[in-house]
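Data block below; observations after.
The values are calculated or read from the model by the stated rules, or taken from the named source; none is laboratory data. Computed from a predicted model, the values in this text were never measured in an experiment. Note that each Cβ is placed from the backbone with ideal geometry, even for glycine, and that neighbours are counted across all protein chains shown. These accessible areas exclude ligands, DNA and RNA; they are computed on the full protein's heavy atoms, side chains included. Shrake-Rupley method; radii C 1.70, N 1.55, O 1.52, S 1.80 Å.
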Amino acid sequence: MSFKDFKNDLLVAIAIVSNAQPTFEEEAIEIAGIRKLEYRSGWLRQAVKSLDEQGLIKVSYHFGGGEDLGMPVTITGDGLGPVLI
């Protein structure tokens, strides 16, 4: 899997999880786990950053336990939100 494919899969996973439980609060690493996404070290943080820079999600960072932890995100977009993930 390429990074671009992973990033697109992560965006879909965030939309699926937020749509299923609109008041559900979750971190990106847990969303990736729920949807069983496979990725390389560092990809999750970079994908979240890229999606945020594109305006597809809004990220609120906090301290976490590792490179890919500590990234709660808020969905923005047509018909999606904002929804806290």
Qualifying positions in region 31-52 - under 14 Å from residue 8 (Cα atoms) and in a helix (DSSP H, G or I)
31, 32, 43, 44, 45, 46, 47, 48, 49, 50, 51, 52
Counted residues, region 29-39 - those being open to solvent by 90 Å² or more (accessible area, probe 1.4 Å) and in contact (Cβ under 8 Å) with a residue 24 or more places away in the chain
2
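Test residue 5 against the criterion of being surrounded by 14 or more Cβ atoms within 10 Å (Cβ to Cβ) and at pLDDT 85 or above, and give yes or no. Walk me through how you get there before you give the answer.
Values: surrounded by 14 or more Cβ atoms within 10 Å (Cβ to Cβ): no; at pLDDT 85 or above: yes.
No; evaluated as a whole, the condition is false for this residue.
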